[in-house]
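No lab work stands behind these numbers, since they all come straight from the coordinates. On a predicted model such as this, the values are computed, not experimentally measured, just so you know. Because the Cβ atoms are built from the backbone with ideal geometry, glycine has one as well, and the counts that use them run over all protein chains shown.
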Amino acid sequence: MSEITNDRASSPVFTGPSSLGETAPAVELRHVSKSYERTTRALDQIDLRIGVGEFVAVTGPSGCGKSTMLHLIAALDVPTSGSVLIDGRDLTSWRDLSRYRREHVGLVFQLHNLLASQTLLANVEVVMFGTEASVHERRARARDLLAQVDLAGRERRRPTQLSGGERQRVAIARALANHPTLLLADEPTGSLDSVSAGHVLNLFNAVHATGVTIILVTHDLTIAAAAERVIHMRDGAVVADVPTTAPN
């Protein structure tokens, strides 16, 4: 697998929101609750801090609130009460949440959500529309990312010509296109065989090595064990938060 790079400094075109400094966590949830139709509480007073550059896995049974929490962090939904802070800044203070997602967040889901009628190159390039990158810069970045996920030479293929694992690698390349500081993955290996899941996990480890903060939702405890820290959820609450390795 090629080495993943995520060098914002070398590409001023891709800029994200300014950080408040190393003391602010990458993600902080303060007393966050989320209810639907006033009766179903998906999250119940969540308090959570995730440091800059951490690789965190979130696990628990279906319906425990894992995906809901990820959606709040991605600003795809809003909490019923409480605050979600990114780099110390409450998401409610952001004037343009689309720009926040475009410039700060990479998203990977269980279903890759690729555009079936478009080439792999176009699928990666599409998320760079709306940035200041030129056509040449977008195309070069997309080619480079496809090479980094070992899909060089297949840029003109369509997603239907790839295996499930290969399609997920394209989705990861797309998620990295705008040099995110935060990568959010919701069951990215859930529909893959063990070999393909291993390839995808290797990619996440390579991304983490570049300093990107990763939050990965998974049912698979083997996948979760690859993270530095595992958060266990049940009934909308965090019931355990443990490191997977002893501190240095």
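Things worth noting here:
- Each Lys or Arg adds one and each Asp or Glu subtracts one; over the other residues with Cβ under 13 Å from the Cβ of Asp241, this totals 0.
- Lys/Arg +1, Asp/Glu -1 at C-beta; the chain dipole; positive extreme among Pro180, Phe129, Val27: Phe129
- Value of Rg to Rh for the stretch 59-103 (Rh from inverse mean 1/r over Cα pairs, i.e. Kirkwood): 1.01
- For the chain, size of Cβ-based charge dipole, Lys and Arg +1, Asp and Glu -1, in debye: 640
- Alpha-carbon centroids, the stretch 190-248 and the stretch 62-125: separation in whole Å: 18
- √(5λ) per eigenvalue of the Cα gyration tensor, the chain, largest first, Å: 28, 21, 17
- Three principal axis lengths of the stretch 112-162 [C-alpha, angstrom, descending]: 31, 19, 16
- Ranked by how many other beta carbons lie within 10 Å on average, peptides 115-122, 214-221 from highest: 214-221, 115-122
- Remark: the stretch 133-139, residue by residue, has Karplus-estimated 3J(HN,Hα) of 5, 6, 4, 4, 5, 4, 5 Hz, where x stands for each Gly or Pro and the curve is 6.51 cos²θ - 1.76 cosθ + 1.60 at θ = phi - 60°.
- For the stretch 127-248, the Kirkwood estimate of the hydrodynamic radius, built from every pair of different alpha carbons, is 16.0 Å.
- Sorted largest first, extent of the stretch 49-137 alpha carbons per principal axis (Å): 42, 32, 26
- Nearest-20 debye value, the stretch 113-220 charge dipole, Cβ charges on Lys, Arg, Asp, Glu: 420
- Whole-Hz ³J(HN,Hα) from phi, Karplus 6.51 cos²θ - 1.76 cosθ + 1.60, for the stretch 164-170, glycine and proline x: x, x, 5, 5, 5, 5, 5
- By the count of neighbouring beta-carbon atoms within 10 Å, fewest first, Phe109, Phe55, Phe129, Phe204 end up ordered Phe129, Phe109, Phe55, Phe204.
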